[in-house]
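Chemist: The structure's right below; bear with me while I get my questions together.
The values are calculated or read from the model by the stated rules, or taken from the named source; none is laboratory data. Note that this is a predicted model, so its numbers are computed, not measured. Neighbour counts run over all protein chains shown; Cβ positions are idealised from the backbone, glycine included. Remember, those area values only see protein heavy atoms, side chains included, never the ligands or the DNA or RNA. Shrake-Rupley method; radii C 1.70, N 1.55, O 1.52, S 1.80 Å.
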Amino acid sequence: MRNSKKAWKTVMAASLSLMLLVLAACSSNGNNGVSSESASPVAGASSTPSSSPEASEPEAGPKKEISISAFDRGLVPTEEGNYEDNRWTKWINENSPATVKWIPVDRGQAQQKLSTLIASGSAPDLIWEYDRNYIAQLANQGAIQPIDAYIEKYSTTLKKYLQDHPELKPAMTINGKMYAVTSKRSIETIANNGMWIRQDWLDKLQLKAPTTIEELIEVAKKFKDEDPDGNGEDDTVPIVFNGNAVQVMRAFFFTNEYQWYLEDGQLKYGRTLDRYKDALAFHKSLFDQDLIDKEYITDSNFQRARQLWTTGKAGIYFANWSMDNEIRDLKTNVPTAKLAPLESVASQYGKNGLYQELASNVLIAFNSDMPEDKIETAVKFLDWMLETGWYSMKFGEKDVHYKLVNDEVPQRLDADKYRAEVAYANEYAILSQWDTKAEWIPLMAAQDELSQEIALSKAEALTVALKNEYRRDIAFSPDLPEVSQLIATFAPISTQIEVKVVTGGKSMTPEAGMEQIRNEWKRLGGENVEKLAQEWYEKNKEFLTVSSE
């Protein structure tokens, strides 16, 4: 394993300069492709823990230190500190069986950053991602290690939890061994991507919500040209993005660049399909007609897009179904704004749902350099997090940030206080047993008028997000080393081509870009990989049933 890891570091170091060129706005990750996780601060997976998190006691004696990656989403207020050091990192160290050093990685470039850390030998002990393909890539290269025996030997809570949730096993198992652990998603994180539209703009211009891509373009044009905010200036942006936006657009065409599809019984990679060319053409048409903010290319953390939305300058948001802070800030800045969740629109292929996750949440892997004594500490930490720790990460301190309603529903006491002091802590709840119900959303929210307005909108948005089934032909992508290695090389190359198609005007058509993408796929051995993937599918098809349950 050490030799394979050394080779992995060499490969990663050599390819780093290329990988850093990948634009975050045009790439994504996920369980079978995208990492399109909900922005909800209470996203997670089942019931109130058996003991109060506030009452949990750390183990006696000195505690070993472990390090864990964390997505830096830029949500920690300055007065709270940073992702490495804040009230919740201190709380974790005081209450958990480990001293934890958190290693932030920018959400928009998480895999590039993690790969850099691995290549340099400075990766954290626990590495997590939503993207099973990435975890499989690390496993095949020896950067992470099998953990079956360690879970069996050291775990109590997590071991039983995984036994009680056998549907999670396929997500964690690579090459017949457990390379990661996970917990079950709650419904609000299975429903992930979403679109929002300014209903007041539609009303002012006497428009209906678009139901097709053609209608979406026409509405966007009117949002651009007809002064929907009524200030007499040409300053509105029809559509803005967050990190999910590219996959929102791809879904209109029943494709995703990181998923495999069954086409007449044959596995084909999403990025090579004819439908993918149409998705690129649509994306390009929005760019060419100035219907999207063109600075999204360099807006790696999507703060500019968020500002355009929250200051009332944008009409449609390709993002998440749950947008608490973005809605609240917009309503604060523009009290007359009225919002509506927008259902997926139909293309020539019909109407696909927007991206929906599988049952498994984040996949937590163990660095192959971890010695066994650290592994024991890490397993016990995960047991603690799953049993009780997660609850405070989700909801804060009882009677300070929330109170229990009906003995089970945590109701926010003060939305602004929660946002400032708790919302960012969700990043640390890498395992969770939370499971909500749609009807709980208004009950869980703070009871002031604005919070209830937002909660009712979110409840509607959750229904809209789950209304249409999202096409996913197999639960997981082939976890063969040849597949992972090819895609790791192919992804940044194809992304660069796609950026040229979208932003290059007449210099590269979608047809020419698609030809280049397919040529690169073939040059890198794609045809052979497709044969291997087909063999893998035929061998494993009984385990690849798609289910979110």
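Chemist: Has segment 465-488 got any residue that is part of a helix (DSSP H, G or I), small (Gly, Ala, Ser), closer than 30 Å to Leu404 by Cα and out of contact with any strand residue (DSSP E or B) (no Cβ under 9 Å at 6 or more places or on another chain)? Reasoning before the result, please.
Modeler: Pass one, segment 465-488, residues part of a helix (DSSP H, G or I): 465, 481-488.
If we keep only those that are small (Gly, Ala, Ser) too, we end up with 465, 484, 488.
With closer than 30 Å to Leu404 by Cα added as a condition, the list becomes 465.
Checking the rest, the ones that are also out of contact with any strand residue (DSSP E or B) (no Cβ under 9 Å at 6 or more places or on another chain) come to none.
Within segment 465-488 (the criterion being part of a helix (DSSP H, G or I), small (Gly, Ala, Ser), closer than 30 Å to Leu404 by Cα and out of contact with any strand residue (DSSP E or B) (no Cβ under 9 Å at 6 or more places or on another chain)), the answer is no, since none of the residues qualifies.
Chemist: Before we move on, is Val483 at pLDDT 95 or above, crowded, with 18+ Cβ neighbours inside 10 Å and either touching a helix residue (DSSP H, G or I) at 6+ places or on another chain (Cβ under 7 Å) or among the basic types (Lys, Arg) (or both)?
Modeler: Working: at pLDDT 95 or above: no; crowded, with 18+ Cβ neighbours inside 10 Å: yes; either touching a helix residue (DSSP H, G or I) at 6+ places or on another chain (Cβ under 7 Å) or among the basic types (Lys, Arg) (or both): yes.
In short, no.
Chemist: Next question, about the same structure. Every residue in segment 460-476 that is more than 17 Å from Gly350 (Cβ to Cβ) and surrounded by fewer than 18 Cβ atoms within 10 Å (Cβ to Cβ), please. It would help to see each step written out before you state the result.
Modeler: Filtering segment 460-476 down to residues more than 17 Å from Gly350 (Cβ to Cβ) leaves 460-466, 474-476.
Within segment 460-476, Glu460, Thr463 meet the criteria.
Chemist: When only residues in segment 411-444 that are in contact with a strand residue (DSSP E or B) (Cβ under 6 Å, 6 or more places away or on another chain) and either crowded, with 23+ Cβ neighbours inside 10 Å or not aliphatic (A, V, I, L, M) (or both) count, which is farthest from Ser186 (Cα to Cα)?
Modeler: Tyr418
Chemist: What do you reckon, is Ala378 crowded, with 20+ Cβ neighbours inside 10 Å, small (Gly, Ala, Ser) and either part of a helix (DSSP H, G or I) or modelled with pLDDT of 95 or more (or both)? Spell out how you get there, then give the answer.
Modeler: Values: crowded, with 20+ Cβ neighbours inside 10 Å: yes; small (Gly, Ala, Ser): yes; either part of a helix (DSSP H, G or I) or modelled with pLDDT of 95 or more (or both): yes.
Criteria met by Ala378.
Chemist: Quick check on segment 302-325: of everything there that is of a type in the set (D, E, K, R), assigned to a helix (DSSP H, G or I) and open to solvent by 30 Å² or more (accessible area, probe 1.4 Å), which residue is nearest to Ala245 (Cα to Cα)?
Modeler: Of all residues in segment 302-325, those of a type in the set (D, E, K, R) come to 304, 306, 313, 324.
Those left that are additionally assigned to a helix (DSSP H, G or I): 304, 306, 324.
Subset that is open to solvent by 30 Å² or more (accessible area, probe 1.4 Å): 304, 306.
Numbers: Arg304: 14, Arg306: 13 Å.
That would be Arg306.
Chemist: If you go through segment 161-179 one residue at a time, do you hit one that is at pLDDT 95 or above and open to solvent by 50 Å² or more (accessible area, probe 1.4 Å)?
Modeler: Yes, some residue in segment 161-179 is at pLDDT 95 or above and open to solvent by 50 Å² or more (accessible area, probe 1.4 Å).
Chemist: Considering (1) at pLDDT 95 or above; (2) closer than 23 Å to Gly142 by Cα; (3) surrounded by fewer than 21 Cβ atoms within 10 Å (Cβ to Cβ), say which one Arg518 fails and leave the rest.
Modeler: (2)
Chemist: Here's another thing I want to ask about it. Being open to solvent by less than 50 Å² (accessible area, probe 1.4 Å) and at pLDDT 95 or above narrows it down to one residue among Gly108, Gly81; which is it? So that I can check it myself, show each step before the final result.
Modeler: Numbers: Gly108 fails: at pLDDT 95 or above.
It is Gly81.
Chemist: Any chance you could count how many residues in segment 264-280 are of a type outside the set (D, E, K, R), surrounded by fewer than 18 Cβ atoms within 10 Å (Cβ to Cβ) and outside any loop (DSSP other than H, G, I, E, B)?
Modeler: Step one: list which residues in segment 264-280 are of a type outside the set (D, E, K, R), which gives 265-267, 269-270, 272-273, 276, 279-280.
Still in the list and also surrounded by fewer than 18 Cβ atoms within 10 Å (Cβ to Cβ): 265-266.
Checking the rest, the ones that are also outside any loop (DSSP other than H, G, I, E, B) come to 266.
Here the count works out to 1.
Chemist: Considering only segment 390-441, state which residues are at positive phi and either in a helix (DSSP H, G or I) or more than 24 Å from the chain's Cα centre (by Cα) (or both).
Modeler: Applying the first criterion (at positive phi) to segment 390-441 yields 396, 399, 406-407.
Of everything in segment 390-441, those that are at positive phi and either in a helix (DSSP H, G or I) or more than 24 Å from the chain's Cα centre (by Cα) (or both) turn out to be Asp399, Asn406, Asp407.
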